[in-house]
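Take a look at the structure set out below.
The values are calculated or read from the model by the stated rules, or taken from the named source; none is laboratory data. On a predicted model such as this, the values are computed, not experimentally measured, just so you know. Don't worry about glycine lacking a Cβ; one is built from the backbone with ideal geometry, like all the others, and counts go over all protein chains shown. Quick note on the areas: whole protein, heavy atoms, side chains included, nothing else; ligands and nucleic acids left out. Shrake-Rupley method; radii C 1.70, N 1.55, O 1.52, S 1.80 Å.
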2 protein chains.
Amino acid sequence: MPAEPTPAETPGRGRRAARPSGDDRERAILGTAEQLLTQRPYADVSVDDLARGAGISRPTFYFYFPSKEAVLLALLDAVVAEARLRRDTALRHPAPDPERRWRQVIAAIQEPFRTHRAVTLAAAEARASSPAVREVWSAVMERFVTETAAEIDAERARGAAPPGLPSRELATALNWMNERVLHTTFAGHGPAVGEADVVDVLLGVWLRAIYGEPHPRGSTP
Amino acid sequence: MPAEPTPAETPGRGRRAARPSGDDRERAILGTAEQLLTQRPYADVSVDDLARGAGISRPTFYFYFPSKEAVLLALLDAVVAEARLRRDTALRHPAPDPERRWRQVIAAIQEPFRTHRAVTLAAAEARASSPAVREVWSAVMERFVTETAAEIDAERARGAAPPGLPSRELATALNWMNERVLHTTFAGHGPAVGEADVVDVLLGVWLRAIYGEPHPRGSTP
DNA sequence: CGACGGTGTCAACAGGGTGTCGAACGCCTA
DNA sequence: TAGGCGTTCGACACCCTGTTGACACCGTCG
């Protein structure tokens, strides 16, 4: 149990300090993990696989990461950070009308998760057994929901959207819908929407649920 | 342990034959499992826990079930069978208007999963690692989606619902939304809708998505 | 009656995974 | 040349799963 002097970022997990040769190993582990996760589920990737893939022994792996979970968390943090960034950008970027605006937002979130689908699916899998992963996921969803609810309130306030379900609950339902539909599209288990159509379908439901009609009234100034 | 007379079907998994004294043990294992799952996650329940809970040794457990997974599958089959039954009943039962009809259907599905939430959550957890659980879940969702799509088509055909997204894709999105929202409500992880409101919220989105308005036109004869 | 086979039971084992500990190995600095 | 420190890994302790082989119980059939 190594005492934690002061990690750079991601306080609490990860290893203690960053050192040149060590960084290569860390990257090798991360790279091996993402690569292996495209081939088999998270549960079937052992610490030994990760270590071998990075050219080190299993005990040495533990010098860099406290557990397999921490590797996934590091990978997930990066994807989540990008999704947040893209979403914020889309939210700030002006759009000619609400439909395009919402499409930008939905597509912005979908993009990083699609690109790193192995990490996304592994995270969804690990959420069951890892409180830390669950925590990250919850925080992301919480943020998306809160922001979506604020957007809905704004649309209602300016008269573009009619009143309806409480915005917070509507936003919760819509965001979880996106999460699950995207997941099935990426995973291919059970009934799924094709990858080419998924944004259109989600957008379609959002518009109807928020505006009550396929095409919202009024446009953004 | 609401006693489910569902043996005989599901050939292939489970143990070979049913015998009087052995049935008690089988029920004890099933009961222990459902009870333990209300206390801790599926992954933290070992075969040994199940065996001890049923008053037998671990090897003896394997006489009754081939694995921990099979126990969950047996539990899940019962819940799923009840959900299907209730849904079919709701679908056949006439309702004064579409809103009440859809509410009946959504509530019918939600009920058994809510009552057996430990099994529901365990199944969701195990879906990641167990192809068999995933299979059962996929089949259920597939059926719900297909039937929902048919209902939407019927509503459109009789002029009650306007055209919109392809019914199959709309049905896919709505059913997965229900699955995930119900899950978060039961699990309490991340943003969730309160248990008392969840059917109303889901129904609200379904109505808007299918009919384009809070209250659908026309009523069922 | 008594051996016989199916049902039911478990101690012991094999196998594979995780996380830890302590010895050792460079390599830089004094 | 000696230490100190970052780094590495062999060996170990532990936990869990699933299997094996011996054995006990019991109804039943020769």
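Relative to the dominant Cα principal axis of chain A, helix A:198-211 is inclined by about 50°. Over the protein assembly as shown, accessible surface divided per residue gives 45 Å², non-protein components excluded, 1.4 Å probe. Radius of gyration (Cα atoms) of region B:98-194, expressed as a multiple of 2.2 N^0.38 Å: 1.18.
Which length gain, in nm to one decimal place, applies between residue A:67 and residue A:35 when the Cα-Cα distance is subtracted from 0.36 nm times their residue separation?
Roughly 9.8 nm would be gained on extension.
The same position residue A:47 in the other copies lies at 2.3 nm from this copy, comparing label points 7 Å beyond Cα toward the beta-carbon, shortest first. Within region A:132-160, which residues have the backbone N less than 20 Å from the label spot 7 Å out from residue A:97 along Cα→beta-carbon, could you tell me? Taking a point 7 Å out along Cα→Cβ of residue A:97, the residues of region A:132-160 whose backbone N falls under 20 Å are A:152, A:154-160. Sorted shortest first, the distances from the residue B:150 label point to those of the same residue in the other copies are 4.6 nm; each point sits 7 Å from Cα along Cα-to-Cβ.
Sequentially through region B:152-164, phi angles give Karplus couplings (6.51, -1.76, 1.60; θ = phi - 60°) of 5, 4, 5, 5, 5, 4, 8, x, 7, 10, x, x, x Hz, Gly and Pro residues having no value and appearing as x. In this structure the amide hydrogen of residue A:97, modeled in the peptide plane, comes within under 5 Å of the amide hydrogens of A:220, none closer than 5 places in sequence on its chain.
Across chain A, the mean sequence separation of Cα contacts (distance under 8 Å, 6 or more residues apart), normalised by length, yields a relative contact order of 17 percent. For chain B, find the longest principal axis of its Cα atoms and tell me its angle to the long axis of helix B:68-92, 0 to 90°, nearest 10. Here the helix axis deviates by roughly 30 degrees.
Here the dipole of chain B is about 280 debye; that uses its Cα centre as origin and unit charges on the Cβ of Lys and Arg (positive) and Asp and Glu (negative).
So what's the back-of-envelope 222 nm ellipticity for chain A, counting only DSSP H runs of four-plus at -39500 (n - 2.57) apiece and dividing by all residues, rounded to 500?
Values: 9 runs with 147 residues, N = 221.
My calculation for chain A gives -22000 deg cm²/dmol from helical runs alone.
In order along region A:53-67, the Karplus-derived 3J(HN,Hα) couplings, from 6.51 cos²θ - 1.76 cosθ + 1.60 at θ = phi - 60°, round to x, 8, x, 10, 8, 4, x, 5, 3, 5, 6, 8, 9, x, 5 Hz, and Gly and Pro are given as x.
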